[in-house]
1. Please list 3J(HN,Hα) in residue order for the stretch 53-69, calculated via the Karplus relation 6.51 cos²θ - 1.76 cosθ + 1.60 where θ = phi - 60°; whole Hz, with x for glycine and proline.
2. Would you mind computing, in nm to one decimal, how far apart the modelled labels at Lys55 and Arg28 are, each placed 7 Å from Cα along Cα→Cβ?
3. Answer rounded, prolate or oblate for the stretch 22-85, using the Cα gyration tensor with square roots of eigenvalues a ≥ b ≥ c: rounded when a/c is under 1.5, else prolate when a/b is larger than b/c, else oblate.
4. How about the stretch 16-70: which trypsin sites (Lys or Arg not before Pro) there are in a DSSP loop, with at most 11 other Cβ atoms within 10 Å of their Cβ?
Amino acid sequence: MSKLPLFVITGASGTGKTTVSSATREMRLQARGWDENAIEDHRNFANWLLQNADKAFDPAMPTVDTTDLSSEEAAKQIEEWVRANW
């Protein structure tokens, strides 16, 4: 088996799960009671990750934008990637 990249699915927190739009991420974090400094830190990291996922990792790190996807649709995209690459 070849060495594969971490599959980043960056969720509302901006790290570790799936990516969503900045507005959606901030709305979800505010609803969880996050302060503005923590939200700003996550905003900066999420932006960096999305801008560098194809450059900072070898091989490139795939991402899935779930802003407008159901959980079933997101799972399907991940399954397709895994089946094509694993």
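Since every read-out is calculated from the coordinates, none of them should be taken as a lab result. For clarity, every value in this text was computed on a predicted model and none was experimentally measured. Heads up, the Cβs are rebuilt from the backbone with ideal geometry, glycines too, and the neighbour counts pull from every protein chain shown.
1. Computed from phi, the couplings for the stretch 53-69 are 4, 8, 10, 8, 10, 10, x, 4, 8, x, 10, 10, 8, 9, 3, 10, 9 Hz.
2. So the two model labels end up 2.6 nm from each other.
3. Note, shape of the stretch 22-85 comes out oblate.
4. Answer in residue order: Arg32, Lys55.
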